[in-house]
1. Using θ = phi - 60° and the Karplus form 6.51 cos²θ - 1.76 cosθ + 1.60, what ³J(HN,Hα) does each residue of region 128-145 get, whole Hz, x for Gly and Pro?
2. Fewest to most neighbouring Cβ within 10 Å: what's the order for T202, T114, T159?
3. Scan region 72-152 for GluC sites (Glu not before Pro) in coil per DSSP, keeping those whose Cβ has at most 16 other Cβ atoms within 10 Å, and list them by number.
4. What residues qualify as long-range amide H neighbours of A3, i.e. H under 5 Å apart, gap of 5 or more or another chain, H built at 1.01 Å from N?
5. Quick one: 3J(HN,Hα) in Hz for region 51-64, Karplus 6.51/-1.76/1.60 with θ = phi - 60°, rounded, Gly and Pro as x.
6. Per-residue ellipticity at 222 nm for the chain, helices alone: DSSP H runs ≥ 4 residues times -39500 (n - 2.57), over residue total, nearest 500 deg cm²/dmol?
7. Just to check I understand the Karplus step: with θ = phi - 60° and J = 6.51 cos²θ - 1.76 cosθ + 1.60, what whole-Hz values come out for region 147-156, glycine and proline as x?
8. So how compact is region 100-233: Cα radius of gyration and Dmax in angstrom?
Amino acid sequence: MQAIHFLWDIDGTLVGRSEGPIEAWKELAERMLGSRFEWDQLDAGGSTDPLIAAGICDLFPEAADYCTAEQICAAYRELACRNLRTQPCPPLPASQALFREAASSPFCSNFFLTGNFRQVAASKLLGSGLSVSELTGGFAEHGPARARIARHAAAEALTLRPGRLVVVGDTPRDVAAARAIDAVAVIVGNGQAKPEAVQAATPDLFYPALPGLDDLLADLDRIRRAQATSAVS
């Protein structure tokens with residue numbers, strides 16, 4: 001059987017929303033930029049931490065002379081992790097069950113493809129109850145663009161062994177990341193993105209909640225066989 005490398009998004013895919021990181025961004029805007037903003041002023045769904053910081057700075061261009069997005073990111077790592085200790089992300093049980101199944105399979109490997117900084121990603125996963133011994137893949141440090149993060153995650157996975165890349169996420173940006181690395185796009189509808197917006201991005205597979213590993217592998221094999229038939233014809 002061909003190896004399967006799962007490249008996992010985190011927010012809206014493995015964990016639900018915590019207000020802790022959002023409060024960290026807002027506190028830093030007030031402390032470092034002297035201004036307040038509302039979270040819905042940003043297009044943050046499926047974005048990356050550096051791009052969120054840049055978006056906050058764009059809201060207040062008059063502050064560019066004394067504060068940069070890089071400075072905000074440096075402070076955010078620590079503050080977000082501190083907030084997550086008291087406001088942990090809730091787990092998304094079906095997704096975490098699939099993650100654990102894949103981790104125990106000799107044919108599957110788990111990597112991450114997330115816009116979070118690695119330190120923040122670790123805090124979100126740990127607080128949700130998902131223990132991961134080593135976080136490998138692509139993180140905000142490898143961006144800022146999600147396509148660059150995807151390419152880094154793919155390179156790490158394929159260095160381990162040849163195999164098929166499968167991006168698991170919840171937003172149209174996850175579909176775009178999958179397309180950037182010629183991966184299968186598996187989208188789960190339990191995130192913040194509207195299902196119609198996600199389906200308009202034409203993922204290869206869409207589930208209201210992720211299935212068990214055997215069912216997902218069967219669906220992936222069906223896609224593989226359809227692609228092989230199409231290539232021959």
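Every read-out reported here was derived from the displayed coordinates using simple, explicitly stated rules and does not represent laboratory data. The model shown is predicted, which means the values in this text are computed figures rather than measured ones. Glycine also receives a Cβ, built like all others from the backbone with ideal geometry; neighbour counts cover every protein chain displayed.
1. For region 128-145, the Karplus curve yields 7, x, 9, 8, 10, 5, 9, 8, 10, x, x, 10, 4, 4, 9, x, x, 5 Hz.
2. T159, T202, T114
3. Passing both the DSSP loop test and the Cβ count: E134.
4. When sequence neighbours closer than 5 places are left aside, the close amide H contacts are R164.
5. For region 51-64, the Karplus-derived couplings read 6, 5, 4, 5, x, 5, 4, 5, 5, 10, x, 5, 8, 4 Hz, x marking Gly and Pro.
6. About -15000 deg cm²/dmol.
7. 5, 5, 4, 4, 5, 5, 4, 4, 5, 4
8. Computed over the Cα atoms of region 100-233, radius of gyration and Dmax are 14.9, 49 Å.
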